[in-house]
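Participant: This structure is in structure tokens; I'll ask about it shortly.
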Amino acid sequence: MLKKEQNDYLTQTGPGTPMGELFRCYWMPALLSEELPEPDCAPVRVKLLGERLLAFRDSEGRLGLIDEFCAHRGVSLWFARNEECGLRCPYHGWKFDVNGQCVDVPSEPAESGYAKKVKLKAYPLIEKGGVLWTYMGPPEKQPPEPEFEFCTVPLNQTFSSKRIQESNWLQAMEGGIDSSHVSFLHRGDLASDPLFKGAAGNKYNLGDLSPVFEISESDGGLLIGARRNAEDEQYYWRITPWVMPCYTGVPPRGDHPMHGHFWVPIDDESCWAWSYDYHPTRPLTDGEVAAMKDGKGIHVKYVPGTYRPLANKDNDYLMNREAQKAGRTFSGIEGIGMQDASLQESMGPICDRTKENLVGTDNGIIMARHRLMRAAKALTDKGVIPPGVNPEHHKVRQAALLLPRAAAYTEGAKEALIAKKGVRQTSV
Amino acid sequence: MQSETARVTTARESSYRVQYPNSKRRDVKVVALDSSSAKLVDEVSREHWNGAQFFTSLSFSADSEPGATGDGLKAWLKDLAGAANDLVEEVASSDFVVVVTSAGEDARAVSLIADACALHHKSLVALVVPGPETSDAEISASMTHLRPFARMLVIASGADYISAMLTALRA
Ligand code: FES
Ligand SMILES: [Fe+2]
């Protein structure tokens, strides 16, 4: 349970809010590279942390993320012409470059210097691992580039997708660290999904429905270990890393690519659910990429031409009661991603946590909230840089492994939890 | 026409969630396993709680050794007022039990509490609180000791986490 003030504190990320300031300390995924495929392509509207922005790639391939609205009389620059290194507003012809600088006001003599006095707010936009990242905080505090393993391996080893989620970011992110739902909600998919099936570890998931949990803080966030009984006096451990504020990793299965999420606030009532899939040491196979594009694993099928899931609230997520009765899916909804999204959206746009009843096994969620509130307070009160900003904190890996019963996973899995170039993941 | 799910998941519709309580008071028993965690538990107990009860030490009767089970289990929990309470009875009347230990301290008492929990099918959450000087080895030793007994084992960031967790659990 959270008090109403705490719930507001954690769920509001607009400018000037404590959590909003916290989010503005980090590089965050803003768009997929594919959304700005070439110089002078169409600009794209982007809303992040409650701010309406416009992304574009200029004639020289430079990336820009600027205030969506023209400084002259406020029309959306989504209608602009992307030409000759800038966006030209179609209304009266004012032109802006990737830094938001106004470079032409046709009604004024160029020599007057009027254009120099006009500048739209702009944020840096960089390309890494097929993702365009932005940093929306003060320029003097801009951290080094993100080093999450999925965005540093060669491009043929990684695949990212995103889907819009019509709920606050926190209830989405909490699903990513809530290991105890997997044995219920997703149980139908372990055996059938091409991106999960066949892993030796799956039998432990299905064989022991009440895992035991261990939680510890890591430099950048948390490690959430779930253990199940395995043969020969061993435990099967699945370890989920959370890096503040909104990166989560799903423990791997067999040699399948490793996956996880970023949960990025759009505004307080919607967020982007980013899904990455990568293999540390080998290219993804054609079959794997085809399955990901087809919405398998943690990815989803889309309404054509959008990043909105094909199964969405407008069609009741294609609820299939027969599949639910027959046990093919536990909730009646197809696909891991939509199983999560449908339930999280059903909580309402902002989950009312004053009504929840948590249990001891929800400590991962309790601790993540606690850490977020602590970090936001330390930032607001004392300017302390929060965990997860330092790129060293990004070099963590999810892991699945068998350990002797007496071993602590923080010890036994120490090496497995570190991202190392050219080293295969630790997985069962 | 809009689907029912779309219609009911707006902020406006969410405001119609019924305003009646959906749970009753929990009886949570919080037990410090050693003297340094007793100080923390004592501190936490001074906050306002719904039904949580706090205990700071465990003592055994002469004829009951740690490890005894069932009827052989005879041990007392000392509450903050100094009164001795029968361990098994306290556990029996609880909804769940939280034990707190300071990393590196003697946490052997957990086995007896875990036996009582097993006897009455109560779940046990264990918090290890590191001190400012605690080494990784000490944390690890505490974890190893508690591992077999707890359904949820947490390395707490400090005393403030004990409060945060109990509040979250409506203790
Ligand atoms: S059982 Fe967890 S939300 Fe209903
Ligand atoms: Fe899930």
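Participant: Return the sequence-ordered ³J(HN,Hα) values of the range B:108-120 in whole Hz as given by the Karplus equation 6.51 cos²θ - 1.76 cosθ + 1.60 applied to θ = phi - 60°, using x for Gly and Pro.
Facilitator: 4, 4, 4, 5, 5, 5, 4, 4, 5, 5, 5, 4, 10
Participant: To continue, here is another question. With +1 on each Lys and Arg Cβ and -1 on each Asp and Glu Cβ, and nothing else charged, work out how big the dipole of the range A:330-413 is about its Cα centre, in Debye to the nearest 20.
Facilitator: 420
Participant: Moving on. Taking loop as defined by DSSP and a crowding limit of 15 other beta carbons within 10 Å, which trypsin sites (Lys or Arg not before Pro) in the range A:112-158 fit?
Facilitator: A:LYS121
Participant: A further question on this structure: Nothing charged except the Cβ atoms of Lys and Arg (+1) and of Asp and Glu (-1): what's the magnitude of the dipole of the range A:1-50 about its Cα centre? Round to the nearest 20 debye.
Facilitator: The dipole magnitude comes to about 360 debye.
Participant: Which ordering of B:THR56, B:THR134 is given by a fewest-first count of other beta-carbon atoms within 10 Å?
Facilitator: Exposure proxy ranking, most exposed first: B:THR134, B:THR56.
Participant: Just going by the charge dipole of the protein assembly as shown, with Lys and Arg at +1 and Asp and Glu at -1 on Cβ, which of A:PRO241, A:ILE177, A:ASN312 is farthest out on the positive end?
Facilitator: With unit charges placed on the Cβ atoms, the residue in question is A:ASN312.
Participant: Distance between Cα centroids, the range A:1-41 to the range A:172-216: provide it in whole Å.
Facilitator: Between the Cα centres of the range A:1-41 and the range A:172-216 lies a distance of 28 Å.
Participant: Averaged across A:216-229, how many Cβ atoms of other chains sit within 10 Å of each residue's Cβ atom?
Facilitator: Whole-number average of other-chain Cβ neighbours for A:216-229 is 1.
Participant: Answer with one residue from B:ALA83, A:PRO349, B:GLY104: the one whose Cα lies farthest towards the positive end of the charge dipole of the protein assembly as shown, charges on Cβ with Lys, Arg +1 and Asp, Glu -1.
Facilitator: A:PRO349
Participant: Charges at C-beta only: +1 for Lys and Arg, -1 for Asp and Glu. How large is the resulting dipole of chain A about its Cα centre, in Debye rounded to 20?
Facilitator: 400
Participant: Moving on. Show that you can apply the helix-only estimate: for chain A, add -39,500 (n - 2.57) for every DSSP H stretch of four or more residues, divide by all residues, and state [θ] at 222 nm to the nearest 500.
Facilitator: Rounded to the nearest 500, it is -5500 deg cm²/dmol.
Participant: Ratio of the protein assembly as shown's C-alpha Rg to 2.2 N^0.38 Å, to two decimals?
Facilitator: So the Cα radius of gyration is 1.05 times the expected 2.2 N^0.38 Å.
Participant: By how many nm would the segment from A:GLU147 to A:THR285 lengthen if fully extended, with 0.36 nm per residue of separation less the alpha-carbon distance?
Facilitator: Roughly 47.3 nm would be gained on extension.
Participant: Same structure, new question: Between the range A:101-118 and the range A:233-274, how far is it from one alpha carbon centroid to the other, in angstrom?
Facilitator: Centre-to-centre distance over Cα atoms comes out at 47 Å.
Participant: Right, another one. Which of the pairs A:LYS3/A:LYS377; A:LYS128/A:LYS395; A:LYS203/A:LYS414; B:LYS78/B:LYS122 have their Cα atoms more than 18 Å apart in this structure?
Facilitator: Among A:LYS3/A:LYS377; A:LYS128/A:LYS395; A:LYS203/A:LYS414; B:LYS78/B:LYS122, the Cα-Cα distance tops 18 Å for A:LYS203/A:LYS414; B:LYS78/B:LYS122.
Participant: In chain B, once you exclude exposed GluC sites (Glu not before Pro) (DSSP loop, at most 13 other Cβ within 10 angstrom), what's the longest stretch remaining?
Facilitator: Between exposed loop sites, the widest span is B:48-132.
Participant: Given a Förster distance of 30 Å, report the FRET efficiency between A:ASN229 and A:ALA326 from their Cβ-Cβ distance, rounded to the nearest 0.05.
Facilitator: According to the calculation, E is roughly 0.60.
Participant: So what's the back-of-envelope 222 nm ellipticity for chain B, counting only DSSP H runs of four-plus at -39500 (n - 2.57) apiece and dividing by all residues, rounded to 500?
Facilitator: -9000 deg cm²/dmol
Participant: For A:LYS119, give me every one of the aspartates and glutamates with a C-alpha distance below 14 angstrom, ignoring sequence neighbours fewer than eight places off in its own chain.
Facilitator: Output for A:LYS119: A:ASP67, A:GLU68, A:ASP97, A:ASP104.
Participant: Right, next: Compare the Cα positions of B:GLN53, B:VAL128, B:VAL18 along the charge dipole of chain B (+1 at Cβ of Lys, Arg; -1 at Cβ of Asp, Glu; about the Cα centre) and return the one farthest towards the positive end.
Facilitator: The residue sitting most towards the positive pole is B:VAL18.
Participant: Output the lone cysteines of chain A: those with no second cysteine's C-beta under 4.7 Å from their C-beta.
Facilitator: A:CYS25, A:CYS41, A:CYS85, A:CYS102, A:CYS151, A:CYS246, A:CYS271, A:CYS351
Participant: Same structure again: Quick one: net charge around B:PRO21, please, counting Lys, Arg +1 and Asp, Glu -1 for every other residue with C-beta under 14 Å from its C-beta.
Facilitator: Spelling it out: positives minus negatives among the neighbours equals +4.
Participant: Ignoring the sites themselves, what is the longest stretch of chain A with no GluC sites (Glu not before Pro) in a DSSP loop and at most 15 other beta-carbon atoms within 10 Å?
Facilitator: Of all site-free stretches, the longest is A:234-414.
Participant: Using alpha-carbon pairs under 8 Å, 6+ residues apart, how would you state the relative contact order of chain A in percent?
Facilitator: Once normalised by length, the contact order is 19 percent.
Participant: Give the lysines whose C-alpha is closer than 18 Å to that of A:LYS116, dropping any in the same chain fewer than 8 places away, or say none.
Facilitator: Reachable lysines: A:LYS95.
Participant: Could you name the lysines in cross-link range of A:LYS313, using Cα to Cα under 19 Å and dropping any fewer than eight places away on the same chain?
Facilitator: Within the straight-line cut-off, A:LYS313 pairs with A:LYS162, A:LYS301.
Participant: Tell me the trypsin sites (Lys or Arg not before Pro) within the range B:66-142 that lie in a loop according to DSSP and have at most 14 other beta-carbon atoms within 10 Å.
Facilitator: B:ARG108
Each value in this text was obtained by applying a stated rule to the coordinates, not by laboratory testing. These numbers were taken from a predicted model, which means no experiment stands behind them. Cβ sites come from the backbone with ideal geometry, for glycine too, and all protein chains shown count toward neighbours.
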